[in-house]
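What follows is a set of notes on a single structure, which appears directly below.
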Amino acid sequence: MTQEQWGALQNSIRESLGPSTYTTWIEPLEFQGVDNGVVSFGVPTSFFGNYVSQHYGEMLLYKIQRSGTEARRVAFLTSANSTRKPELPAAKPEADVPRVAEVVDAGAPLDPRFTFESFVVGKPNELAHAAARRVAEGGEVTFNPLFLYGGVGLGKTHLMHAIAWELQQRAPEKVVLYLSAEQFMYRFVQALRDKTMMEFKQMFRSVDVLMVDDVQFIAGKDSTQEEFFHTFNALVDQRKQIIISADRAPGEIKGLEERIKSRLQCGLIVDLHPTDYELRLGILQAKSEQQAVTHPSVELDPRVLEFLALRISTNVRVLEGALTRLYAFASLVGQRITMELAQDCLADVLRASERKITIEEIQRKVSEHYNIRLSDMIGPKRLRLIARPRQVAMYLCKHMTSRSLPEIGRHFGGRDHTTVMHGVKRIDELKQQDGQIAEDLEMLRRALEA
Ligand code: ADP
Ligand code: MG
């Protein structure tokens, strides 16, 4: 296509879009040329480019093709040609080809605080940390994917960002893409809608390292899973590193296709265990050193850290939040952080973390409710009269505690995790058919939460 041909096309576009839309969105486009089927236009800003791409990209491509030009797609480039998100780990050296990222935007921003330096290592997370370190060296791909899983706030996202930062240092030539599974889905849906699937696929297949956070999100979302599966396979075939996180093991993600599960299980699976006292104390010490930099005037009684590590056993995010609040408060009122101040200032957090439902509590409540002996609940009897309440208790343990199936099994007289899984599934089914069971569950849940 020549400038003249573009001029003629513009007239026809003006007629179809009307003068005002035309003047706002099409006239400013600066035709730059066609290369290898890609028609490039200069645009004033990347927002402008994205907007035109989304709203008129298809129409433009269609018209250009109709005019006899062989075009596969249309690219919009800002004059600086540097619209790549700055927070994205460094890309391959700029070539003259238009960036795919112009059309389908790339990854999510990385948190500058989430580095290996700021990650405190302890027994519960040492394996995950070692695996993450290994991948971050950027050498030969030895296990693919790396699958990190664990409960909320145990440091999955932190570790993934740390890998991305480290790779940026060590292997700046690698294109690293980090995003959540939710963002993957949005991009996918958008590409479908805008008919930019080619770009979408091309972008995801052209990275050296792909990280997808919270992959459990795509469970049950069939077409997204399908696309994820293809992307995954394409990258594995090219021996590109994939890093995935989820809140549970691949086999335990409900609604995830079997073939994806088995693919995910091919690499290295490491879990972040719930924190123990030592790790929590270590994290608190590290974070309080950071706080001390921001609040140099605040003094801290070190016993407060021990107290918090003991009392707040939920996720690290809560622990962090508690500390931040303490420092902010102490600095505001100009006081030293003492045990008394901590108890006062964090009364709600402390109360909330007290209410942690245990497996034993559930077993006790359920036995009471069905009037069976606790020893029978845990024992070997298979009578329906006993087995059903046992399954109810298993179901509640699965849903009201963060314990894994094997852990729950152990608390029920050393039963296998498949037995627990079966029990949970059975109650799930019965809940739909049997009003009494549904009512029992609801009542027990409320009693336990009280
Ligand atoms: P997840 O993604 O597993 O839900 P995050 O990675 O978002 O958890 O971690 C929650 C918060 O706790 C973050 O602020 C993170 O920096 C912090 N955190 C978690 N584990 C550690 C650790 N071992 N050392 C330092 N900070 C941690
Ligand atoms: Mg996370």
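Among residues of region 320-344 that are in the same structural domain as A309 (by TED's automatic domain parsing), those with a beta-carbon under 6 Å from a residue that is among the polar types (S, T, N, Q) and part of a helix (DSSP H, G or I) at least six positions away or on a different chain give the pairs Y327/Q291.
Here is a yes/no grid of residues against (1) open to solvent by 20 Å² or more (accessible area, probe 1.4 Å); (2) within 12 Å of ligand 2 (Cβ to nearest atom):
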{"site": "V207", "(1), (2)": "no, no"}
{"site": "F217", "(1), (2)": "yes, yes"}
{"site": "F229", "(1), (2)": "yes, no"}
{"site": "I243", "(1), (2)": "no, no"}
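Residues in region 1-41 that are of a type in the set (S, T, Y) and in contact with a Pro (Cβ under 7 Å, 6 or more places away or on another chain): S40 alone.
Exactly one residue among V97, V104 is at pLDDT below 95, open to solvent by 30 Å² or more (accessible area, probe 1.4 Å) and away from ligand 1 (no atom under 16 Å from the Cβ), and that residue is V97. When restricted to residues that are within 16 Å of ligand 1 (Cβ to nearest atom) and modelled with pLDDT under 95, region 137-153 contains 4. Helices (runs of 4 or more DSSP H) fully within region 96-208 that include at least 3 residues being at positive phi and in contact with a Gly (Cβ under 7 Å, 6 or more places away or on another chain): none found.
What are the residues in region 149-165 that are among the aliphatic types (A, V, I, L, M) and either open to solvent by 10 Å² or more (accessible area, probe 1.4 Å) or more than 10 Å from ligand 2 (Cβ to nearest atom) (or both), if any? Those that are among the aliphatic types (A, V, I, L, M) and either open to solvent by 10 Å² or more (accessible area, probe 1.4 Å) or more than 10 Å from ligand 2 (Cβ to nearest atom) (or both): V152, L154, A162, I163, A164.
I'd like the full set of residues that are in contact with a helix residue (DSSP H, G or I) (Cβ under 7 Å, 6 or more places away or on another chain), without any contact (Cβ under 8 Å) to a residue 60 or more places away in the chain and surrounded by fewer than 20 Cβ atoms within 10 Å (Cβ to Cβ), limited to region 177-197. Result: E182, M185, M197.
Screening E258 on (1) surrounded by 17 or more Cβ atoms within 10 Å (Cβ to Cβ); (2) outside the structural domain of A347 (by TED's automatic domain parsing) shows it passes everything except condition (1). From the list F200, F229, F204, which residue is of a type in the set (F, W, Y) and in contact (Cβ under 8 Å) with a residue 40 or more places away in the chain? From the options F200, F229, F204, the qualifying one is F200. A count restricted to region 236-251 and to residues that are touching a residue at least 60 places away in the same chain (Cβ under 8 Å) and more than 30 Å from L310 (Cα to Cα) stands at 8. In the condition set (1) among the polar types (S, T, N, Q); (2) at pLDDT 85 or above; (3) surrounded by 13 or more Cβ atoms within 10 Å (Cβ to Cβ), Q3 is compliant with all but (3).
Taking first residues from region 4-18 that are farther than 15 Å from Y56 by Cα and partners that are open to solvent by 30 Å² or more (accessible area, probe 1.4 Å), the Cβ contacts under 8 Å between residues at least 6 apart in sequence or on separate chains come to Q5/S67; A8/S67.
Among residues of region 133-152 that are in contact (Cβ under 8 Å) with a residue 24 or more places away in the chain, those with a Cβ under 7 angstrom from a residue that is acidic (D, E) and crowded, with 16+ Cβ neighbours inside 10 Å, sequence gap 6+ or separate chain, pair up as A136/E166; Y149/D247; Y149/D271; G150/D271; G151/D247; V152/D247. Looking for something over 20 Å from A128 (Cβ atoms), open to solvent by 30 Å² or more (accessible area, probe 1.4 Å) and out of contact with any Phe, Trp or Tyr (no Cβ under 8 Å at 6 or more places or on another chain) - is there at least one such residue anywhere in region 265-284? Checked region 265-284: no residue is over 20 Å from A128 (Cβ atoms), open to solvent by 30 Å² or more (accessible area, probe 1.4 Å) and out of contact with any Phe, Trp or Tyr (no Cβ under 8 Å at 6 or more places or on another chain). Selection within region 166-176: residues that are aliphatic (A, V, I, L, M) and farther than 16 Å from D111 by Cβ. The member of this set that is surrounded by the fewest Cβ atoms within 10 Å (Cβ to Cβ) is A171.
Considering only region 386-404, I want to know if a residue exists there that is more than 30 Å from V152 (Cα to Cα) and either among the β-branched types (V, I, T) or surrounded by fewer than 17 Cβ atoms within 10 Å (Cβ to Cβ) (or both). Checked against the condition, which is being more than 30 Å from V152 (Cα to Cα) and either among the β-branched types (V, I, T) or surrounded by fewer than 17 Cβ atoms within 10 Å (Cβ to Cβ) (or both), region 386-404 yields at least one hit.
Taking region 231-240 as the range and being open to solvent by 20 Å² or more (accessible area, probe 1.4 Å) and either within 16 Å of ligand 2 (Cβ to nearest atom) or not basic (K, R) (or both) as the test, the residues that pass are N233, A234, V236, D237, Q238.
The values are calculated or read from the model by the stated rules, or taken from the named source; none is laboratory data. Owing to the predicted nature of the structure, the values given are computational and were not obtained by experimental measurement. So basically every Cβ, Gly included, is an ideal-geometry build from the backbone, and we count neighbours across all protein chains shown. Heavy atoms of the whole protein, side chains included, go into the accessibility calculation; ligands, DNA and RNA do not. Shrake-Rupley method; radii C 1.70, N 1.55, O 1.52, S 1.80 Å.
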